[in-house]
């Protein structure tokens, strides 16, 4: 019976039921009380730390190994300048190439990374009769979610700049002829897809069009994004303290 009460309580909470609904159904033992339901939801939400900590630890470990391999490559390349013996020079070259292969392999298998997204919800609750102990309330809440990257950018080398920002000409940022043709092709597909969906005359051609624009990351984008709901902060006297705790956690 307790399991049924908990399930019913979560359903009521997710559907936005008011306290009066919890009070009436709790009297018939169909759900938990409103305070008990909120406490249960808080206990469920406290488990986000475990998953997020595993992401943080894996990313830190992979970055440490990457930094070690990059440092090894730099050391070997610096040593090659002072080597006069041809045999040692060839050995150094092969060793450097082996470490570079290890670095590429490690970057391909590294943790793909994660990012944080926040959104605020402002809600004003008006009461029927305003008295000293029952006033209108302005609630300002902020929710933070963590998302794991589906597409890895670890293969992009960020150890050395490609060029100085002051020397890069603006024309290098403009799309090339091939890029413009690709954009025109993609826009044509989007227009054709919209026409076949909204104009009945073109609906028979919908089966001819592909479902998506083809790209090299089709496999990764077809996967569901992993998300961790972190916390919902309410902007009151406890807000600054909660934000301090979260920032210190993320900086661990």
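Taken together, the values in this text are just the output of simple stated rules run on the coordinates, not laboratory data. Keep in mind that this is a model prediction, so the values were computed, not measured. Backbone-built Cβ (ideal geometry, glycine too); neighbour counts: all protein chains shown.
Quick notes on this structure:
- Residues 34, 115 in ascending order of nearby Cβ atoms (within 10 Å, fewest first): 115, 34.
- Packing-based exposure ordering (other Cβ within 10 Å, fewest first) of 29, 106: 29, 106
- Cα gyration tensor, segment 1-64 - rounded (a/c under 1.5), prolate or oblate: prolate
- With Rh defined as the Kirkwood radius, the inverse of the mean 1/r over Cα pairs, the Rg/Rh of the chain is 1.12.
- Theoretical FRET efficiency, 1/(1+(r/R0)^6), r = Cβ-Cβ of residue 162 and residue 115, R0 25 Å, to 0.05: 0.60
- Ordering 221, 196 by the number of other Cβ atoms within 10 Å of each residue's own Cβ, fewest first, gives 221, 196.
- Cβ-derived FRET efficiency at R0 35 Å, residue 53 paired with residue 91, nearest 0.05: 0.25
- Here residue 60 and residue 201 are evaluated by their C-beta separation; at R0 = 41 Å the FRET efficiency comes out at 0.10.
- Mean Cα-pair separation over length for segment 47-111, i.e. relative contact order, pairs under 8 Å, 6 or more apart, %: 48 percent
- Gain on full stretching of the segment that runs from residue 105 to residue 42 - 0.36 nm per residue minus C-alpha separation: 18.6 nm
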